[in-house]
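The values are calculated or read from the model by the stated rules, or taken from the named source; none is laboratory data. None of the values given here were measured: they were computed from a predicted structure. Glycine gets a Cβ as well: all are built from the backbone with ideal geometry, and neighbour counts include every protein chain shown. The area values use the complete protein model at the heavy-atom level, side chains included, leaving out ligands, DNA and RNA. Shrake-Rupley method; radii C 1.70, N 1.55, O 1.52, S 1.80 Å.
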Amino acid sequence: MHKTTKNLVILGSTGSIGTQTLEVLEGLEKAAKDTHKVQNAPETQDPSESAKKNISFNVLGMSCGSNIELFIEQIKKFCPKKVCVGSKEGAKEVKSIFPNLEVLCGEEGLIELADDKNADIMLTGTSGCVALKPTLKAIENGTDIALANKETLVMAGDIVTKAAKANGVNILPVDSEHSAILQSSNGNYELLNKIIITASGGPFLHKSRDEIKNATFKEALNHPRWHMGKKITIDSATLMNKGLEVIEAHHLFNLPYEKIEVVIHPESLVHSAVEFKDGSTVAQIGTPSMHIPIQYALTYPSREYGIKSNSFSFLGQTLTFEKPDFEKFPCLKLAFEAGKTGGTLPVVLNAANEIAVHKFLRGEIGMGDIFKIVERETKNHTPIQNPTLDEIFEADKETRQRVLNDKTR
Ligand code: MG
C-alpha cells in the first residue's frame, strides 16, 4: 500500500472553510485506517481496495483570528508544531495552555507560519488581504496553495500567478465554481475555449431594482443555497462575489474576460462548466457541499475521499439558467470592467466594496449605497499598471480609509 503524508499549513482554521478543512482531514484519516484494516484482513481481497492509495495529512501549522476557544480544541486534536493568533492577548492565552508550542502573532507571525520549507501545501482560509504576503512566502518555498481566499488573486493576480509559475507551484482553487472548472478540465486549462461560471443569483434574484436598493441586511443575509460568512453572503446578494470570482478565474485559468461567461443558475447544482476548443462542454454537478472542493484541492490530482456529498439524481430535477441582469446587479458589471482594465483597479474595487459591506452590516448605509461607493471609488482612481506589492497595498489602504471616513451615503 502506498501511503503518502502531506504536510499542511492552514490559515484561518476556525473559520467556515478552516473548520470544514479539518473535517475533511478527519474523514481522510478514517478512510486511510479503514483501508489498512481491509488490506490486513485475509478474508477480503478486493483488488480495487488494495490498489487504493491513501494520503494523510500532518498539520504543521494553523492560524486563527479571535476564536481562541475553538482554536484550543483544534490544537489539542491536530497537534500542530506552530500556530499563529491574531492578537497578542490571544497568543498569550494559547501559550499558557501549550507552553511547548511555538505561538506566533499578528501579520508577521502569519508570514512566519507560511515560511516553512517542510510544508507541501497551504490552505488559505482567511478572508481579507492579510493572506497575500504569507501566500507569496509559501510560493517562494515551493509550497502548493489550496486557495480559498479571494483577495489573493483579485489584488495581486499577476504577481501571484507569475511567482507560482516560476516556482513550479500549483494554485488549487477551493471556491466551488473554480473547483468545478478544475474538476471539469482536470487542470488542462490550455485546452479551454471558454468557461461558464454559475451564480445562484442570491436572495434578490427576482426582486426589483428598488427593492434591492432598500433591502435590509437581514434580507440580504438570507442566502437561499449556501451558509457562509456575513461578508460573502452580502457579496452574493449584490453579485459582487461573482464579479470577484470572474477576476480570480481570469488569473487562475489564464483566460481573457471575453472568454468568461456568468450564468444565473438558481438551483446551484451545476457548479460551473468549461467549453473545450473542440466545442465540447463539460460541467461539474453535485449537491452543494464545500467539503468536496476542499478535499479535491488537498488530494489533487488523485481525488481521494473521506467525505462524500449526497448523490445527485437527474430525475425530478429542473435545472434553469438565465442571463445575469447587469442593470439590477451593477456590481457584477463594475467587476468585469475593473478586471479588464487591470492594474490597481481591482484592488480599489475590492477595498471599496469590503468597507461598504461592513458599513451596510453596521446599518450605516443602504444596500444600494454599496454599488454607489464602489462605482465612485473605481471611477476616481487612476490605475497603476503592473503595480508592485507596495503600490497594491497603498491603493488598498487609501481606498479603505477614504470610504471609512466618508460620512455621506
Ligand atoms: Mg463561490
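Here are the numbers for this structure:
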{"quantity": "Chain lengthening between Glu89 and Asn118 when straightened (0.36 nm per residue, less Cα-Cα)", "calculated": "7.6 nm"}
{"quantity": "³J(HN,Hα) computed for each position of the range 200-212 - Karplus, 6.51 cos²θ - 1.76 cosθ + 1.60, integer Hz, glycine/proline x", "calculated": "5, x, x, x, 10, 3, 10, 8, 7, 4, 5, 4, 5"}
{"quantity": "Vicinal HN-Hα couplings computed from phi for the range 26-32 (Karplus, 6.51 cos²θ - 1.76 cosθ + 1.60; Hz; Gly/Pro x)", "calculated": "4, x, 5, 4, 5, 4, 5"}
{"quantity": "Cα-centred dipole magnitude for the range 154-247, charges only on beta-carbon of K, R (+1) and D, E (-1), debye, nearest 20", "calculated": "160"}
{"quantity": "Carbon and sulfur %, accessible surface of the range 347-409 computed with the full protein complex present, 1.4 Å", "calculated": "50"}
{"quantity": "Length-normalised contact order of the chain in % [C-alpha pairs under 8 Å, at least 6 apart]", "calculated": "15"}
{"quantity": "Antiparallel %, DSSP beta bridges [both residues in the chain], to 5", "calculated": "25"}
{"quantity": "Cα Rg, Dmax, the range 1-40, angstrom units", "calculated": "12.6, 38"}
{"quantity": "FRET E, pair Lys407, Glu140, Förster distance 35 Å, beta-carbon r, rounded to 0.05", "calculated": "0.25"}
{"quantity": "Accessible area expressed per residue, the chain, with surrounding protein chains retained (probe 1.4 Å, Å²)", "calculated": "46"}
{"quantity": "Theoretical gain in end-to-end length, Glu364 to Arg303 [0.36 nm per residue, Cα-Cα removed]", "calculated": "17.4 nm"}
{"quantity": "3J(HN,Hα) from dihedral phi, the range 172-185, Karplus parametrisation 6.51/-1.76/1.60, rounded to Hz, x for glycine, proline", "calculated": "9, x, 9, 4, 4, 5, 5, 5, 4, 6, 4, 5, 5, 9"}
{"quantity": "The chain: most fluctuating residue of Phe57, Phe321, Phe336 per GNM, C-alpha cutoff 10 Å", "calculated": "Phe321"}
{"quantity": "Cα-based helix-to-principal-axis angle, 240-252 vs the chain, degrees rounded to 10", "calculated": "60"}
{"quantity": "Helix axis angle, 330-341 relative to the chain longest principal axis, alpha carbon, degrees", "calculated": "80"}
{"quantity": "Cut-off under 5 Å, modelled amide H: who pairs with Asn58 long-range", "calculated": "Lys6, Asn7, Leu8"}
{"quantity": "Computed over the range 273-372: relative contact order in percent, which uses C-alpha pairs under 8 Å that are six or more apart", "calculated": "14"}
{"quantity": "Degrees between helix 88-97 axis and first principal axis of the chain (Cα, 0 to 90, nearest 10)", "calculated": "20"}
{"quantity": "For Ile365, residues with placed amide H under 5 Å, excluding near neighbours", "calculated": "Phe360"}
